[in-house]
Structures are given as C-alpha cells and as structure tokens.
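Here the structure comes first, spelled out in structure tokens, and everything after it is commentary.
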Amino acid sequence: MKILHIQGFSPEERLEKAQEIRENVFEAIKELTSNMAYLKPPVHLKNEENAESLEFINTLDMTLMSSYDYPDEFFEHVKRLWSDPGIQECYFRSNEFFLIDSTKYFLDKIDEIRDINFSPSDQDILRSRRRTSNIQRIEFNVKVPKQYGGGSQPFWMFDVGGQRGERRKWIQVFDGITAVLFVVDSSGFDTKLREDGTKNRLKECLELFEDVWFSKYLINTGFILFLNKQDILKEKIERGSKIENYFPEYKDYKVSSKETDPNDEYTRARCFIRDKFLEITKKSRDHRSIGSQNSFNESMKVKRECFFHFTTATDTNNIKRVFDDVHTMILVKTIDNII
C-alpha cells in the first residue's frame, strides 16, 4: 500500500528497513543452523572448515536480534555457512521447520546487505518480514471512476496480526467495515505453524477462515480472498512437493476444463487450494453451533459473495491490478449502500 498509494518510503524509513532485513538474515541463519540436528535424518556441514562459523552463529542469542550491532565478522560467517552444501540441504528441507520465505533471497545477496551504506530497494522491502503485533491503520486515497462521480475516495485499511495470540484483538476493528481481505499463504500446505509445530499451516488457515466467515460480527461484510505466495507455491510444485501427502483428497481432485492450462500441475494445485476455501462459503450455517438468536439466524441467510485473486505480494504490478479491482468493488458496494 505504501509503495502503490502513499508515495513510497523515505530515506529514514529505508534505513529502518535495512535494520529489519539484517534481523531477517539473523533469524534465517539461526533457524537453519539450530534445526540441522533435529531433522530426521539430521544434516551436517559438508566442509569441516565451516565449523568455526557454525559455532559463532550458535553462540548468538536470538532474543538480542534487534539490538545486535551486526559486525562484518557476522556476515562473513553467514556467507561461509550459506555456501556449505549441508546448510543448503537443510534449506531444501525447510518445510520441516519454520523458516521465513525470504531466506534464500536475502542470503544470496549477503554482500549487499553487509554494506554499512545498504539502502534496500522496494523489492527488498517487500521481501522483509516483521510479525504484526498491533493493529495498524493505513489511510490512503483512491481515484473514483467518472461513471461513479469522479474525485477521490479515502480508504482505511486495518492490518491485523494473524498469529494465534493476536486474533483476540480483531474484534476491535470489525464494526462498520465494508470488506474483509483475507490473505492466505498458498505455499503453506507442507509446513507447520511457528507457534505450534504439530499443526499444518494451510489447515489452520482454513479453520480460521471458516471462523471469520461465520462470525456474527461480519454477517453483512464482503470477503475477498488473496491466495498469496503463488510464486513460492509454483516453485514447490515444480520441485516435487506433493499436496496429497498433507491433503489426501488432492489425489482425486480434477480441475475444470475452463481453467487455463488445466493439465498443468501448478494450475491444479492452486485451484485445489482455492476450492478448499470456497467450499467453506457454500456450507450451510446449520452445520455450526451459532446460537439461538432469531435475528442472527435470519441475518445468516443473507447471501454473500466471496471474491478471490491469485496474488504474489512481491509483484507490485500484480498487486496493483488486484487492488484496482478491489477498490472498484468496494466503491460500488459503498455507493449501492448509500442509494
């Protein structure tokens, strides 16, 4: 949103993001080195001369990540480890533990990030990750098409944390919202939750979507599904990851002939994930215990639409096209409500 609608990032903000990216590097290398021994079977360094670098990283305290001064020695050890075939093997098994998506992207450009004058590009910033711990309100203006009166329309977007511990805060922004933009990590079909190593990420997301879809606070609210991280999903499918290992029903799933390239395995995968969410929107409200209030039960009979988009958040052109559609949909809905 900041890149598309709020004139981008200032030099000061880019400086802050540079620190955030270094923290991502810290987290990524710590997760890789600490999980090597816990994989089954475990993996080991292939080059013995990198043992010193492994020891250096292992002595770092993850809780000090934000206050660490990031000396050049740190980046040199990271560079050596990332080039070790053992660490690479651990990376390619990262579906077995939590690892940020941008790990390869940032570790591949470690020499650029280690520069004290490093100023991240827009793409670098899009790849950086910091968990949302508070509700963030984003304000921006969108041009209104001439057929709807012209001018501009202010938008307010609330970014809420998706972690389990953050969800109780969501109710604070439910009142009066026009649409819910529900962002799905489509590539999470073979990974576990960060906060619960026994729970499949995509299954958790499906359960959460069902809870939100049937929430009594959102019964008249439109929904827009962002089936995100399509680039990572495609990469995983092409690398041989099997959705049926986590969702057995995928084995018998058939793609509609109306889809572009229905015989392509990635097309089949993304359509399967889409349909898992859309199936929820078609469920009867009676299958859930939703209370006995007549007014609520009547409201739940109102037919709602759930729009969906396949997205790659790091592709600003893709996101711009999607949000243009979203803005138009919300504007039309708002105008219809006024009329």
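Yes or no: segment 81-96 includes at least one residue that is closer than 18 Å to Asp115 by Cα, over 23 Å from the mean Cα position of the chain (by Cα) and part of a helix (DSSP H, G or I). Outline the logic, then answer.
Taking segment 81-96 first, the residues closer than 18 Å to Asp115 by Cα are 82.
After this cut, where a residue has to be over 23 Å from the mean Cα position of the chain (by Cα) as well, the list is 82.
So of that shortlist, the ones also part of a helix (DSSP H, G or I) come out as 82.
Within segment 81-96, one or more residues are closer than 18 Å to Asp115 by Cα, over 23 Å from the mean Cα position of the chain (by Cα) and part of a helix (DSSP H, G or I).
Taking the numbered list (1) at pLDDT below 75; (2) under 21 Å from the mean Cα position of the chain (by Cα); (3) not acidic (Asp, Glu) in turn, Gly149 passes all entries but (2). Scan segment 236-270 for residues that are touching a Phe, Trp or Tyr at 6+ places or on another chain (Cβ under 9 Å), among the charged types (D, E, K, R) and more than 22 Å from Cys306 (Cα to Cα) and the total you get is 6. Of all residues in segment 236-251, those satisfying the criterion of being in contact with a helix residue (DSSP H, G or I) (Cβ under 9 Å, 6 or more places away or on another chain), part of a helix (DSSP H, G or I) and either free of Cβ contacts under 8 Å to residues at least 24 places away in the same chain or of a type in the set (Ser, Thr, Tyr) (or both) are Glu244, Glu249, Tyr250, Lys251. Counting just the residues of segment 174-196 that are of a type outside the set (A, V, I, L, M, F, W, C) and over 29 Å from Leu39 (Cβ atoms), which one comes out surrounded by the most Cβ atoms within 10 Å (Cβ to Cβ)? Looking at residues that are of a type outside the set (A, V, I, L, M, F, W, C) and over 29 Å from Leu39 (Cβ atoms), I get Thr178.
Identify, from the list Phe106, Phe26, Phe74, the residue that is surrounded by 18 or more Cβ atoms within 10 Å (Cβ to Cβ), at pLDDT 95 or above, more than 30 Å from Lys199 (Cα to Cα) and not assigned by TED's automatic domain parsing to the domain that holds Gly197.
On the way: Phe106 fails: more than 30 Å from Lys199 (Cα to Cα); Phe26 fails: more than 30 Å from Lys199 (Cα to Cα).
The match here is Phe74.
Restricting segment 255-282 to residues that are in a loop (DSSP other than H, G, I, E, B) and touching a residue at least 12 places away in the same chain (Cβ under 8 Å), the residue that is nearest to Ile224 (Cα to Cα) is Glu259.
The values are calculated or read from the model by the stated rules, or taken from the named source; none is laboratory data. From a predicted model like this one, the values you see are computed outputs, not experimental measurements. Note: ideal-geometry Cβ built from the backbone for every residue, glycine included; neighbour counts use all protein chains shown.
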